[in-house]
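Visitor: Here it is, the structure in full.
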Amino acid sequence: MKRTKIAELLLLAFLLTAFLPFSVTAQNGVDSVVSVLVVGDWGTGGKGARRVGEAMAASHGSGAVQAIVSTGDNIYPSGVSCVDDPQWDSKFERIFPAESLPVPFWAILGNHDYRKNPDAQVAYTGHRLEDGSITRWKMPGRYWSTRLRSPDGAVELRLVGIDTQLLVGNAGTRKSHLAWLDSVLAASEEEHIFVIGHHPVYSHGHYGNNRTLVRHLAPLLVGHGVRAYLNGHEHDLQLIKPIDGVRYIISGGGGGKRKSTPGKHTEFSASSLGFVRIDLRSDRMHIAYVDSGGKLLYETTDTFETKP
């Protein structure tokens, strides 16, 4: 084969690979990505929530995720009373069936979850179901920290679930909870950290910016190099432009929707049922907003320098 022909083929191969939207496979064929689905304010048990669950199952089927992350308000209207509350079956297990979404479901508390027994949601972790299986529900405490790894171990993600009810409450609970968060973030050795809370820090939705969290939480996120803050509460889908290096990803369209109006920091917003898919590699993070019918509403890729 002539050298010019070989050169043309090499150039074509480079162009094809260089402009692929997002590759999740390492050279050895093993996945080198941590993928999560983020959903919030989903616990209605209604048709909309079921459609969101089905769309999430389709997303997992097309590219496996390591976990689902819930941004709170898990059971409407008032949380659950105990681990045997029938709402667990009708509003969680059947909405996100294990057959189609066989992955851990890491959850934090929202304001509606406090109306009955928030500790029952903690206790549901490890609960044995009627068929003998163990629930995928993961809430080892009202706040928690865990690590996710890509299948090849090349990418590590620290997930830190916080209880924003403690932060927006009195100064005493805020101080102690922030001290806990500060210690966890300081001890984290993972290159990537996501913090998950229910209330927004920055938002252009129904509630808008939370002045308490802007003042007390945002500086911790910035100071510890947190990659993204994930939240719900707004009943919409929003992507906030990076503020001091932190991405604010709002996924609150799991069960209902409110009007969403773009504002100063908006990159994307939609008054829509849906969820967010995040595919994280060592040097980039792909963020996709998907509606309850499985339609891609918006996607972007953030790139960043890796630590030496």
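Visitor: Which of (1) farther than 16 Å from G48 by Cβ; (2) among the hydrophobic types (A, V, I, L, M, F, W, C); (3) out of contact with any Pro (no Cβ under 8 Å at 6 or more places or on another chain); (4) at pLDDT 95 or above is the odd one out, the single condition F304 does not satisfy?
Guide: Failed condition: (4).
Visitor: Return the pairs, sorted by first residue and then second, in which the second residue is buried (at least 18 other Cβ atoms within 10 Å of the Cβ) and among the basic types (K, R), the first residue lies in the range 50-71 and is touching a residue at least 60 places away in the same chain (Cβ under 8 Å), the beta carbons are less than 7 Å apart, and the residues are 6+ apart or on different chains.
Guide: Close Cβ pairs (under 7 Å, with a partner that is buried (at least 18 other Cβ atoms within 10 Å of the Cβ) and among the basic types (K, R)) amount to S59/R277.
Visitor: Does S183 meet the test of being at pLDDT 95 or above, of a type in the set (S, T, Y) and surrounded by fewer than 17 Cβ atoms within 10 Å (Cβ to Cβ)?
Guide: Considered against the rule, which asks whether it is at pLDDT 95 or above, of a type in the set (S, T, Y) and surrounded by fewer than 17 Cβ atoms within 10 Å (Cβ to Cβ), S183 comes out as yes.
Visitor: Could you count how many residues in the range 197-248 are in a strand (DSSP E or B), more than 15 Å from the chain's Cα centre (by Cα) and not charged (D, E, K, R)?
Guide: The total comes to 2.
Visitor: Here is a follow-up. On the basis of being assigned to a loop (DSSP other than H, G, I, E, B), under 16 Å from T44 (Cα atoms) and either under 19 Å from the mean Cα position of the chain (by Cα) or in contact (Cβ under 8 Å) with a residue 12 or more places away in the chain (or both), does D113 make the cut?
Guide: It is false that D113 is assigned to a loop (DSSP other than H, G, I, E, B), under 16 Å from T44 (Cα atoms) and either under 19 Å from the mean Cα position of the chain (by Cα) or in contact (Cβ under 8 Å) with a residue 12 or more places away in the chain (or both).
Visitor: List pairs: first residue in the range 173-197 and touching a residue at least 60 places away in the same chain (Cβ under 8 Å), second residue surrounded by 13 or more Cβ atoms within 10 Å (Cβ to Cβ) and part of a helix (DSSP H, G or I) anywhere in the structure, Cβ distance under 8 angstrom, at least six positions apart or on different chains.
Guide: Matching pairs, first to second residue: G197/T164; G197/L167; G197/L213.
Visitor: To continue, here is another question. Can you name the number of the only condition in (1) surrounded by 20 or more Cβ atoms within 10 Å (Cβ to Cβ); (2) within 26 Å of R142 (Cα to Cα); (3) not aromatic (F, W, Y) that S260 fails?
Guide: Condition not satisfied by S260: (2).
Visitor: Any residue in the range 200-224 that's under 20 Å from R158 (Cβ atoms) and touching a residue at least 24 places away in the same chain (Cβ under 8 Å): show its pairings with residues that are assigned to a loop (DSSP other than H, G, I, E, B) and of a type in the set (S, T, N, Q) at Cβ separation under 7 Å, as long as the two are six or more apart or on different chains.
Guide: Listed by first residue and then by second, the contacts come to V201/N210.
Visitor: Another question, if that's okay. Just a yes or no: is a residue in the range 35-47 assigned to a helix (DSSP H, G or I), β-branched (V, I, T), crowded, with 19+ Cβ neighbours inside 10 Å and modelled with pLDDT of 95 or more?
Guide: No: the range 35-47 contains no residue that is assigned to a helix (DSSP H, G or I), β-branched (V, I, T), crowded, with 19+ Cβ neighbours inside 10 Å and modelled with pLDDT of 95 or more.
Visitor: Now for a separate question. Name the residues in the range 126-164 that are small (G, A, S) and out of contact with any Leu (no Cβ under 8 Å at 6 or more places or on another chain), would you?
Guide: Of everything in the range 126-164, those that are small (G, A, S) and out of contact with any Leu (no Cβ under 8 Å at 6 or more places or on another chain) turn out to be G126, G132, S133, G141, S150, G153, A154, G161.
Visitor: Looking at the structure I just gave you, is R94 surrounded by fewer than 19 Cβ atoms within 10 Å (Cβ to Cβ) and in contact with a Pro (Cβ under 9 Å, 6 or more places away or on another chain)?
Guide: no
Visitor: Let me ask something else about it. Which of the residues belonging to the range 184-196 are part of a loop (DSSP other than H, G, I, E, B) and either touching a Phe, Trp or Tyr at 6+ places or on another chain (Cβ under 7 Å) or not acidic (D, E) (or both)?
Guide: S188
Visitor: Out of all the residues in the range 212-237, which are among the polar types (S, T, N, Q) and surrounded by fewer than 24 Cβ atoms within 10 Å (Cβ to Cβ)?
Guide: The answer is T212, and nothing else.
Visitor: Would you pick out the residues in the range 61-91 that are surrounded by 21 or more Cβ atoms within 10 Å (Cβ to Cβ), assigned to a helix (DSSP H, G or I) and out of contact with any Gly (no Cβ under 6 Å at 6 or more places or on another chain)?
Guide: Scanning the range 61-91 gives a single hit, W88.
The values are calculated or read from the model by the stated rules, or taken from the named source; none is laboratory data. Everything numeric in this text was worked out from a predicted model, so none of it was measured. With ideal geometry, Cβ positions are generated from the backbone for all residues, glycine too; neighbour counts draw on all protein chains shown.
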